[in-house]
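Just below is one structure, and these are the notes that go with it.
Where a number appears in this text, it was derived from the coordinates with a stated rule and is not lab data. Keep in mind the model is a prediction, meaning the values are calculated, not measured. Note that each Cβ is placed from the backbone with ideal geometry, even for glycine, and that neighbours are counted across all protein chains shown.
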């Protein structure tokens, strides 16, 4: 919107610290698309990780193919490392479990486990560009009410990938089977 805006800074440094600003720009926020009933991975609780860092990463620069324009970004891991997330289930039921991940030039090959049981095949997350995998059907499984453990293990990397072994998890869908 056209108008005059104030930009406010707070000095958090010692004494009379100064901040130099070379330039800044305002950019229109892209529309946020959220997949209906998605469990956003960036909002899931990390139960354990053998190595690396996890953080929410904004993906709005890569189009509207990512739910909530973000994902849970796992970096600084190596082959054999794992990340475990809490998957809270509201009702005991037979569910169809789907998951959307992110692909990029420096992402690894991963295996998904639910409550320490392998589900689905290894997933190669290499791509020359940052893209969504689309919702991958992992399993139809009976789950009890309560917290379950969703584990992602780094298995390796595509021969074309930069060997950074990163992983991006966008969302999960738990759909009751009728």
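Below are the figures for this structure:
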| quantity | calculated |
| --- | --- |
| Cα-based shape type of the stretch 45-107, given that a ≥ b ≥ c are square roots of the gyration tensor eigenvalues and the cut on a/c is 1.5 | oblate |
| Cα pair count fraction exceeding 23 Å, expressed as % - the stretch 31-178 | 30 |
| Average Cα contact separation per residue, the stretch 105-178, under 8 Å, 6 or more apart, as relative contact order % | 47 |
| Pairwise label distance in nanometres, residue 128 with residue 37, each label 7 Å out on the Cα-Cβ vector | 3.7 |
| Overall form of the stretch 108-178 per C-alpha gyration tensor (a/c, 1.5; a/b vs b/c) | prolate |
